[in-house]
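Below: the structure, in structure tokens.
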Amino acid sequence: MRGEEILKEHVPTADAVTLAQRLAEYACSLRYSHLDGRTVKEMKARMVDAVGCALGAFDEPPVRIARKVALRIRPAGKSTLLGTGYRTSSELATFVNGLMVRYFDFNDTYLSKEPAHPSDNLGACLAVAEEEGRSGKELMAAAVAAYEIQCRLCDAADIRHRGWDHVNYGLVSSALAASVLMGLSPAQASEAVGIALNGHIAMRQVRAGELSMWKGASFANAARNGVFSAMLAREGMTGPAPIFEGEMGFFKQVSGQFRLDVGRFGGKGRPFKVGETYVKYWPAEYHAQTAIWAALDVRRRAHGSGRIRDVLVETHEAGFSILGKDKEKWRPGTKETADHSLPFIVGMALLHGTIDNATYSDSELKDRRNLAFVSKVRVREDPRLTSSYPAKGMPNRVTASIPGGETISSQVDVPRGHPLNPMSREEVDRKFIGLARRRMGARGARRAVEALWRIDEVENITGLLAKLSPG
């Protein structure tokens, strides 16, 4: 009898408002006029950061593969492939551009019960906004809604420990952002969520063991499915419902039961989640950011790496489980594994004094000196560090042993780019120019970044995206 009561408690009645409906109503109601000045500034900074990451990754192998496929099957469309003058359908542009944003693992992050990279939504936002002829202000409102929804879902439930990938929350946020930009009603947007979630759940295997190219494509594909789901909903397709609360829905199959108070989301004087997201100073998974700063401090105090005999990295649970528990992290065979490896990242920072995209090149991954030094690194979880994560940062402690029995230790809790230690506009611009100049040259990159900071002034974003290609 008690089991029947519990079951009835979780199954909504026919006239109950479902979570998908409440999320759709929130997204469809949000307007640029609802955004405060700080939110506008933060959203612009995330767009600058994401587009810079995308342009920097233009020539990387997975991006070339995706672009080749998109160009081969290119249907008539209005959505620009970033860094080019080519147009395609919004769902194909979403995939290619989203992969570009994500590939270097240099775009923004949000850490809660579930980690996320909210700027992964921007591939969909840019593609659909251009196809629909939306203004910069309309684009920004949809992007803020996507950030809010994904981050709030990350606050609600951890799904990675249940074997599912965080991009499943992106199915919801990207479907709703696309729905907003397509002008769908809340009822249609709710159907899009049901279609997206039911058919496209992603497994966490994408981030386990030796990582593949698909690590950077997982959210891009989720967003592509979100856009396609919104397109179907616009034409009248209905989706499974209630998709969260149902007998075989998301709560039962993926996340476990959780509650989400949409009435407390950003707006009406309440802060938006975009201001709580983190920009990356270094191209590495975010849980490693403080480890890099700590390693550089140890290197400085040790006067280089020559005297270092062995290294201990003490980290929090997420840092250990994501970046330090798999044997593949000590001899990474792919760029994707290396930028998710605490021993490799810390070893390379100690050995070379920096971390950049060249750190993960094939030649560096195979270099015997590098691998010999990385083999000196041990990683373990420190429960005291876990207890302060993520409210007080993502602490890492690096300790190096040197001759004579001496040790040099450094702990960093909050990295540059975190809301508690934010990057300046000048630093964000410098990062953009350093990445985008590969495709556009330094002068073109400077023009592009200035245009992106004025995105809310444009009536149609096609002209703006044209400024993101050479010539």
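Where a number appears in this text, it was derived from the coordinates with a stated rule and is not lab data. In this text, all values refer to a predicted model and were calculated from it rather than measured experimentally. Ideal geometry is used to build each Cβ from the backbone, glycine not excepted, and the neighbour counts take in all protein chains shown.
Things worth noting here:
- The lysines whose alpha-carbon is closer than 22 Å to the alpha-carbon of Lys335, local same-chain residues fewer than 8 away aside, are Lys68, Lys215, Lys280, Lys325, Lys327, Lys366, Lys376, Lys431.
- Length gained on full extension, Ser212 to Ser361: 52.2 nm, using 0.36 nm per residue less the C-alpha separation.
- For Glu328, the shell of other residues with beta-carbons less than 11 Å away shows a net charge of +1, using +1 for Lys and Arg and -1 for Asp and Glu.
- With each label modelled as a point 7 angstrom along the Cα→C-beta vector, the Ser321-Arg380 pair spans 2.0 nm.
- Selected from Thr337, His303, Gly266, residue furthest toward positive end of dipole (the chain; charges at beta carbon): His303
- (1) 36, 27, 20; (2) 51, 25, 22; (3) 34, 30, 24, with the label sought being that of the calculated semi-axes √(5λ) of the Cα gyration tensor in Å: (1)
- Span from the the stretch 412-456 Cα centroid across to the the stretch 322-356 one, whole angstrom: 25 Å
- Diffusion coefficient of the stretch 10-125 by Stokes-Einstein, Kirkwood radius over Cα pairs, 37 °C, 0.692 mPa s: 201 µm²/s.
- Ordering of 249-256, 189-196, 405-412 by packing [mean C-beta count within 10 Å, highest first]: 189-196, 249-256, 405-412
- By the Kirkwood approach, averaging reciprocal distances over each pair of separate Cα atoms, the stretch 286-412 gets a hydrodynamic radius of 14.2 Å.
- The charge dipole of the stretch 2-276, taken about its Cα centre with unit charges on the Cβ of Lys, Arg, Asp and Glu (plus for the first two, minus for the last two), comes to roughly 520 debye.
- Peptides 110-121, 95-106 ordered by average Cβ neighbours within 10 Å, highest first: 95-106, 110-121
- Counted residue by residue at 0.36 nm each, then reduced by the alpha carbon distance between them, the extension gain from Arg309 to Arg446 reaches 44.9 nm.
- Residue among Ala175, Val63, Cys154 farthest towards the positive dipole end of the chain, charges placed on Cβ: Val63
- Relative exposure of Asp310, Asp382, Asp165, judged by other C-beta atoms within 10 Å (fewest first): Asp310, Asp382, Asp165
- Shape parameters for the stretch 2-276, alpha-carbon atoms, Rg then Dmax in Å: 17.7, 62
- Tensor-based shape of the stretch 405-471 (alpha-carbon gyration tensor, a/c under 1.5 rounded, otherwise prolate or oblate): prolate
- Extension gain, Glu457-Lys113: 0.36 nm per intervening residue step, less the Cα-Cα distance, totals 120.2 nm.
- Annotation: peptides 279-291, 418-430, ranked by per-residue average of other Cβ atoms within 10 Å with the highest first, follow the order 279-291, 418-430.
- Once you reduce the stretch 68-88 and the stretch 107-123 to the center of their Cα atoms, the two points are 25 Å from each other.
- Net charge contributed by nearby residues that have their C-beta within less than 10 Å of Asp120 (K/R +1, D/E -1): 0
- Charge dipole magnitude, Cβ of K and R +1, D and E -1 - the chain, Cα centre, debye nearest 20: 1440 debye
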